[in-house]
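The values are calculated or read from the model by the stated rules, or taken from the named source; none is laboratory data. Because the structure is predicted, anything quoted here is derived from the model rather than measured. Counting neighbours? That spans all protein chains shown, and the Cβs are built from the backbone with ideal geometry, glycine included. SASA here: full protein model, heavy atoms, side chains in, ligands and nucleic acids out. Shrake-Rupley method; radii C 1.70, N 1.55, O 1.52, S 1.80 Å.
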Amino acid sequence: MRSLIITTTNSLEGYTIVKYFNPVSSNVVIGTNIFSDLAASFTDFFGGRSGVYEKKLQQLYKLATDKLAKDAEMIGANAVVGLKIDMDEVNGKGSQMFMVTAYGTPVKLKADDNNTSVFAEKVYDGYYISNKIQAKKILAIPQGAFQRFSKANIDVMLETKFTEFVNYALDGIKHYTDINNRTEKGFAESDALLAQFKSYFGYIDADTAQDVLYGTMQTANTEDYFKVIMDIIADYSLLNYDKIKELIEREDISEAKFGLRLMTANKSYYTDNDLQTMEQIMALIPQRFKPTGEVSMKKKLLSSSEKEVWTCKCGKVNDMDAKYCGSCHNDIYGFQENEIKPADVVSMIGLRLEIAKEIAGA
């Protein structure tokens, strides 16, 4: 549970604000068609159904404030003051969703010398305990069981965002990137389910998400699975340059290439440590991605003169002006035409570092 303080007031009794940060906000959208689903079974608005409605609102509030707290902690704050919550109904393409926007100002607090404030006794959320029990039951369902990835179970994962669902979410991604399962389920429905499993990683603790996502690349065995994991890392700003550096250093060329591709994604902000690691990666790339083909001289036909050629790793001999192998279609470094090239990534990193240095010197 978080230790960061969040308050709707602009100050906190017994504490002095010693530093203000730029305001932060978080948005949470939940429950496709929850309004129509609830309305269809409204037998007693002031009875059981209103309880379900209340549960949805509490889940949204908790997710939004937890995400706000996580963002504030990442920039060095130990409190958020002036908390405000906006709630909106979002309609589009026949679906209805509920969105909560939480925003406030992260601050650094220092306790006053005469601080005698006492926070209220800790209470335990009944909905939280109920959801934890439900999560345990879902995670106890064995691999391959028909009901394991039911809509109701996936909804629990998305609504609670409990970190214990990380392996469940990864299993779901593996399941719906498998061509046999996609064919059986249907490509459109499989893609929709993949999107749900991917969205889960946007809400859990970033460190947990990074450890799991970067670690799973060692055991992934399909290109489609790799691509989904890479999309999650890029889409939810889970870039970790230390982990990317480890990927690029791996012996497996596929994993190294994914590390290279991750370097093309942008971050919302960069730390000094990020910049230092980026410099190391920029120097590492030319060493890691050396030519896999060999350059040699070959005698020309009907002539005593020689010409320069390169022999691809696949064994095909190509003229030096041939950018890609005539057999496997890789270049001399082992890259396909549609793949990002090491030199392009080095250039991109260089530009980022150059601009960062300009900002630092401004």
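Quote the accessible area belonging to Val295 in square angstrom, nearest 10, computed with a 1.4 Å probe and with ligands, DNA and RNA left uncounted.
For Val295, solvent-accessible area is about 80 Å².
Can you grab the distance from the C-alpha centre of segment 181-228 to the C-alpha centre of segment 281-306, Å, no decimals?
Taking the Cα centre of segment 281-306 as reference, the centre of segment 181-228 is 38 Å away.
Excluding ligands and nucleic acids, what accessible area in Å² is computed for His329 using a 1.4 Å probe, to the nearest 10?
My reading of the accessible area for His329 is about 100 Å².
Put Ile17, Ile138 in order of accessible area, largest first, 1.4 Å probe: what do you get?
These residues rank, largest area first, as Ile17, Ile138.
How far is it, in nm, from the label point at Ala140 to the one at His329 when both lie 7 Å from their Cα along the line to the Cβ?
Spacing of the two 7 Å Cα→Cβ label points: 5.1 nm.
R0 = 51 Å: FRET efficiency of Tyr20 with Leu57, Cβ-based, nearest 0.05?
0.95
What net charge is computed for the residues neighbouring Phe146, neighbours being all others with C-beta under 13 Å from the C-beta of Phe146, Lys and Arg scored +1, Asp and Glu -1?
Taking every Cβ under 13 Å from that of Phe146, the sum is +2.
Ratio of alpha-carbon Rg to the 2.2 N^0.38 Å globular estimate for segment 134-285, to two decimals, please.
Rg over 2.2 N^0.38 Å, computed on Cα atoms: 1.10.
Calculated FRET efficiency, Ile359 and Thr208, Cβ-Cβ r, R0 30 Å, to nearest 0.05?
Computed FRET efficiency for Ile359 and Thr208: 0.45.
Which of the DSSP-defined H helices in the chain satisfy a minimum axial length of 27 Å, computed from C-alpha atoms, and a minimum mean Kyte-Doolittle hydropathy of -0.5?
Sorted by number, the helices that extend far enough and score high enough are 342-361.
Classify the chain from the C-alpha gyration tensor, please: rounded if a/c falls under 1.5, else prolate or oblate depending on whether a/b exceeds b/c.
oblate
Using r as the Cβ-Cβ distance of Glu249 and Glu189, and R0 as 41 Å, what FRET efficiency do you calculate, to the nearest 0.05?
Computed FRET efficiency for Glu249 and Glu189 comes out at 0.60.
Cys314: accessible area at probe 1.4 Å, nearest 10 Å²?
70
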